[in-house]
Amino acid sequence: MPLRTLLSCSSALDLLTTTIYLQLAKISQLRSTSATYLKYTMAKQQISLPAKLINGGIAGIVGVTCVFPIDLVKTRLQNQRQGQQTYKNMMDCLVKTVRSEGYFGMYRGAAVNLTLVTPEKAIKLAANDFFRQYLSKNEKGLTVFKEMLAGCGAGMCQVVITTPMEMLKIQLQDAGRLAAQQRKPASMSPTKLASTRVLSRSYNAGPSAAASALSATQIARELLRTQGIQGLYKGLWATLMRDVPFSMVYFPLFAHLNRLGQPSQDQSAPFYWAFFSGCLAGSTAAVAVNPCDVVKTRLQSLNKGASEESYNGVVDCVSKIMRKEGPSAFLKGAGCRALVIAPLFGIAQVMYFIGIGEFILDLSPFN
């Protein structure tokens, strides 16, 4: 074979090799670009506000349905005064409630919670994520202080829904306790029996009448008619005192606990670890702010039992409880509250991280 032919074949081979190499490099670059784009797209989907709202709403409905009877017990235990105890403990309250009001008596006030818990949980979770993303613009992560700041912002946003929801729910939940107290003639005060306002008539008529006559709509209309919009926001400062510290404790603690379950920085923790982290962080934060929850419950109870006094603001409530019932009164219902909050936030985090909202949005024609 002539030398010129060999050189020509060698040049052609080199050209083919170079072409193949360039094509492989281009394919590799495209794959790298596609991976980067996919990662960017997933990040954009993770911060989708509609998905967060759907996840928070579904989580709230499922959680409230599971733990509402314990929340009812918590309210009744916190409203008991020293020397006028209708219920001895959580189990005694559950048993007496079922006996006197039936199974569905444990879900008195649940309709209010189920209606308003969707926007409440949606605002709480979405606001926390929004503040976390805003405070971590430099992509260097969040310090504990910034995590607490994000939780503070979330707690302040949610009280717009939480305050009227808790206000209406407490009236319905406490009706059975007041009715049970009225069945004890010796403990009734004549002055209390004489003062029957519109909102308390249903309580004074006994448990069956209370269940049929009292409704959240009736209470809301009466409050709006007599006190205006501020009537629904009674106990706002006490709610802020409870929800802001709760979020400041819960969200940073959950983030750090959940991070312990991550196999690596690029992988998220499994759902069962998210559930465990939500339960532990929620119960810890719930017990920590229980004194504020006791004050809020007392302030938002419109109707009092026999010889139960009223309070003029947060300071007056704290001083009277401390003077007449002692420091232990601020821990009333702490166990029940921990049992309510733990599964509630555990379920919420599982729903949130599974991404049901993203799945629903993918199936939506408006996606």
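Below 8 Å between Cα atoms, with a sequence gap of 6+, how large is the relative contact order for the range 81-177 in percent?
On the way: 65 pairs, mean separation 34.1, N = 97.
Across the range 81-177, relative contact order equals 35 percent.
Mind checking the range 86-176 for GluC sites (Glu not before Pro) that DSSP puts in a loop (not H, G, I, E or B) and that have at most 14 other Cβ atoms within 10 Å?
E139
Just how large is the dipole of the range 45-187 about the Cα centre, in debye to the nearest 20, putting +1 at every Lys and Arg Cβ and -1 at every Asp and Glu Cβ?
380
Using alpha carbon coordinates only, what is the Rg to Rh ratio of the range 61-143, with Rh defined as the Kirkwood radius? Mind showing how you got there, number by number?
Values: Rg = 18.9 Å, Rh = 15.6 Å.
Answer for the range 61-143: 1.22.
Write out the chymotrypsin sites (Phe, Trp or Tyr not before Pro) in the range 277-367 meeting two conditions: DSSP loop, and at most 14 other Cβ atoms within 10 Å of their Cβ.
Sites meeting the loop and neighbour criteria: F366.
By the gyration tensor of its Cα atoms, with a ≥ b ≥ c the square roots of the eigenvalues, what is the shape of the range 229-360: rounded for a/c under 1.5, prolate for a/b over b/c, or oblate?
Judged from the Cα gyration tensor, the range 229-360 comes out prolate (a/c at least 1.5, a/b above b/c).
Starting from the Cα-Cα distance between R221 and L331, subtract it from 0.36 nm times their residue separation and give me the gain in nm to one decimal.
36.3 nm
Defining a contact as two alpha carbons under 8 Å apart and six or more residues distant in sequence, what relative contact order in percent does the range 221-301 show?
40 percent.
Since every read-out is calculated from the coordinates, none of them should be taken as a lab result. Here the structure is a predicted model, which means the values were calculated and not measured. Positions of Cβ are generated from backbone atoms using ideal geometry, with glycine treated the same way; all protein chains shown enter the neighbour counts.
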